[in-house]
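Working notes, beginning with the structure itself.
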C-alpha cells in the first residue's frame, strides 16, 4: 500500500506538487507519515472488524516493561527522525532536536495527568503521551520555538487521550491506537504548524498574523486524511474480498502465536 498512499502524499508535499505549491509545510512527516498511517489504520480496522470477545472480556497489555523500553528507544530514535530532517548539523537541526524532546515530555505529562483526572495514572499512559507529543511536533519541529513546543506537546497528550477514550466508547477495535495517537496527533501537529510557526525560523503562523498559513495547513491535512482513508479502505476491501484479511475463528481462538507461527512467547 505504500506505493499508493505514502508515495503520492510525499510527492504532493515534498516533491513540489500541488500541496507544496499551495504552501503547505511538513518538516519531518506529520502530514505525509503520521496522518496517512493513522487514518489508514482506521480504515483497515473498520474493514477487519473486532477481535472475538472484544468488549466482552478484559484484553490487557501484553508486556508493559517492554512497551516502556520500546518507547524509550523510540524517543531516542526520534531525534534522528526530526533533527535529521534539517539535512545538516546546524542551528535548525539543534532547534528541531530540542523542541522534539520538550514536546515529548509535555505530551507524557499531559496524558499522565489527564488519565489521572479520569481514574489512575499509568506508565503506559505516560509513554503513550510521549509518543503523542513526538508525533505532533514532527511536522513543526523546524518552525517553532521551545515555548510553543510545550503547548503543542501538551495539547497532543490531551487530545490523543480523548481520542483513545472515544475509540473505546464506540467499540472500535484498533489495538495499538495508531489512529488516536498518530492520526489525531499528526492532524493536530499539521494544524499547529500554521498556528505557531515563528518568523525567527523563516515562517509566520497565525499567532504572528499569518491567517493564510493555518488555512493552508488545514487544507493539506484534510486532503491527507481523505486520501489516506479512502484509498486504504478501498484497497483493504479488495484484499479482503480476494485473499482475506482475517484468520479463521478457530485460529484466533488458539492464538496467532501458535496458529500462524507455531510458537509461544512464554512457557
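A short reminder: the numbers here are calculations on the coordinates, not readings from a lab. Everything numeric here is computed off the predicted structure, so don't read it as measured data. Every residue, glycine as well, gets a Cβ built from its backbone with ideal geometry; the counts of neighbours run over all protein chains shown.
Overview of results
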item: MRE, 222 nm, helices only [DSSP H, n ≥ 4, -39500 (n - 2.57), over the chain, to nearest 500]; result: -21000 deg cm²/dmol
item: Tilt relative to the chain, helix 36-48 - C-alpha long axis, 0 to 90 degrees, to 10; result: 20 degrees
item: Most mobile of 156, 83, 223 in a GNM of the chain (Cα contacts under 10 Å); result: 223
item: Residue among 208, 117, 227 with the largest mean-square fluctuation in a Gaussian network model of the chain, springs linking Cα atoms under 10 Å; result: 117
item: Listed residues 50, 169, 237, most fluctuating in the chain (Gaussian network, C-alpha, under 10 Å); result: 169
item: Stokes-Einstein D in µm²/s, Kirkwood radius over Cα pairs - the stretch 109-159 at 37 °C with 0.692 mPa s viscosity; result: 300 µm²/s
item: Cα gyration tensor, the stretch 58-116 - rounded (a/c under 1.5), prolate or oblate; result: oblate
item: Principal-axis tilt of helix 146-169 within the chain, Cα atoms, nearest 10 degrees; result: 30 degrees
item: Per-selection Kirkwood Rh - the stretch 110-228 (Cα, Å, 1 d.p.); result: 14.6 Å
item: Cα pair distances in the stretch 1-124, grouped into 5 Å bins until the bin that holds the longest one, percent each; result: 2, 9, 11, 14, 18, 18, 13, 8, 5, 2, 0
item: Helix axis angle, 64-83 relative to the chain longest principal axis, alpha carbon, degrees; result: 30 degrees
item: Å³ per residue enclosed by the Cα convex hull of the stretch 87-132; result: 55 Å³
item: Theoretical FRET efficiency, 1/(1+(r/R0)^6), r = Cβ-Cβ of residue 171 and residue 66, R0 30 Å, to 0.05; result: 0.65
item: The stretch 189-246 and the stretch 1-66: distance between their alpha carbon centers, rounded to Å; result: 10 Å
